[in-house]
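S.K.: First the structure, which I've put down as structure tokens, then a few questions once you've had a look.
Every read-out reported here was derived from the displayed coordinates using simple, explicitly stated rules and does not represent laboratory data. In this text the structure is predicted, and so the values were computed from the model without any measurement. Counting neighbours? That spans all protein chains shown, and the Cβs are built from the backbone with ideal geometry, glycine included.
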Ligand SMILES: [Zn+2]
Ligand SMILES: [Zn+2]
Ligand SMILES: [Zn+2]
């Protein structure tokens, strides 16, 4: 009994120095708040186990210390592993996640890509059609035979805006999109194929002096062979090619580096692609005169 008292007194002196009012010969106990929980420590080997409790006196009822946090370190994770195989278009993921603290470790494997070959496919109406089909997922990229006559091969696709022949003369219908780099925000423009069809959307994000230019096609069945993105500082540059800058899609650009204070530029997106005008994602194109006029005003 005497030994126990001495031991308690020892703990008292160390832990409760800030509460001198309490009778140190009393017995204190921990009142734990709920279940202990695991917390991430950033380590792939261990997490910490956290217990929060109040210290109170069993003899006089005084609460000596509230919300004391005890951290037991080096507790092993309880890993649960899930795997998602990559597909033709989606990357695969191997994820291990600790069931206790939620720590996560992810390994991504890239999408494997389609594996296309030409195959003769019998249609419901009995006709046989030649399809360029992925042998893994069944995606059909092209067809020929029945619909061969309708395919448009190596067609030019550009973003919406005035035609270059109206700006600088010449015979091609290609369009360029005037941009005002002073206007911040996200801007979208239709993608026009062969001056006849709307096949997708070009997007320009302009924020804090940085630009990202991207495009999206309305159907997977457009096969793009080449793509180019050129920025011209002026109509004169469009004519001569001088001071034009070829840039990349989907990369942050800083056009100020190329054109300084010249904020009015012309964006030329040019794709060469095969497509089937019968495809559901392709609409016939009609020029919006009001939009053309508004864009033309931006040209210096
Ligand atoms: Zn007490
Ligand atoms: Zn853990
Ligand atoms: Zn596939």
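S.K.: Rank-order 258-267, 234-243 by packing density, defined as the average count of other C-beta atoms within 10 Å over each peptide's residues, highest first.
M.R.: 258-267, 234-243
S.K.: Another question about this same structure. Before anything else, pin down the relative contact order of region 26-76: Cα pairs under 8 Å, at least 6 apart, normalised by residue count, whole percent.
M.R.: It comes to 38 percent, rounded to a whole number.
S.K.: Evaluate E = 1/(1 + (r/R0)^6) for residue 79 and residue 136, where r is the Cβ-Cβ distance and R0 equals 41 Å; express this FRET efficiency to the nearest 0.05.
M.R.: Using R0 = 41 Å, I get an efficiency of 0.85.
S.K.: Report Rg(Cα)/(2.2 N^0.38 Å) for the chain, keeping two decimals.
M.R.: The chain yields a ratio of 1.78.
S.K.: With axes computed from alpha carbons, what is the tilt in degrees of helix 2-15 against the longest principal axis of the chain, rounded to the nearest 10 within 0 to 90?
M.R.: In the chain, helix 2-15 runs at an angle near 40 degrees to the longest axis.
S.K.: While we're on this one: Taking the Cβ of each residue in 140, 204 as the centre, tally the other Cβ atoms inside 10 Å and list the residues starting with the fewest.
M.R.: Going from sparsest to densest Cβ surroundings: 140, 204.
S.K.: Sticking with this one: Using Cα pairs under 8 angstrom and six or more residues apart, how large is the relative contact order of the chain, in percent?
M.R.: 12
S.K.: Which of rounded, prolate or oblate describes region 26-76 when judged by the alpha-carbon gyration tensor and an a/c cut-off of 1.5?
M.R.: prolate
S.K.: Given only helices, namely DSSP H runs of n ≥ 4 each adding -39500 (n - 2.57), what is the per-residue ellipticity at 222 nm of the chain, to the nearest 500 deg cm²/dmol?
M.R.: Calculated mean residue ellipticity at 222 nm is -3000 deg cm²/dmol.
S.K.: Follow-up. Report the calculated FRET efficiency for residue 256 and residue 224 (r = Cβ-Cβ distance, R0 = 30 Å), to the nearest 0.05.
M.R.: 0.50
S.K.: A follow-up question, please. Run the numbers for residue 287 and residue 300: contour at 0.36 nm per residue of separation, minus the present Cα-Cα distance, in nm.
M.R.: Result: 2.5 nm gained on full extension.
S.K.: Sort out for me the Cα centre separation of region 219-270 from region 126-201, rounded to whole Å.
M.R.: So the separation of the two Cα centres works out to 17 Å.
S.K.: Hey, what did region 151-296 get for relative contact order, percent, Cα under 8 Å, at least 6 apart?
M.R.: Across region 151-296, relative contact order equals 33 percent.
S.K.: Using 7 Å Cα-to-Cβ label points, what is the residue 210/residue 180 separation (nm, one decimal)?
M.R.: For residue 210 paired with residue 180, the spin-label model returns 2.4 nm.
S.K.: Moving on. Which of the peptides 269-280, 116-127 is most tightly packed, and how do the rest follow, judged by the mean count of other Cβ atoms within 10 Å per residue?
M.R.: Packing order, densest peptide first, comes out as 269-280, 116-127.
S.K.: So, one more: If R0 is 25 Å, what FRET efficiency do you get for residue 25 and residue 70 from their C-beta distance, rounded to 0.05?
M.R.: Given R0 = 25 Å and the Cβ-Cβ separation, E is 0.55.
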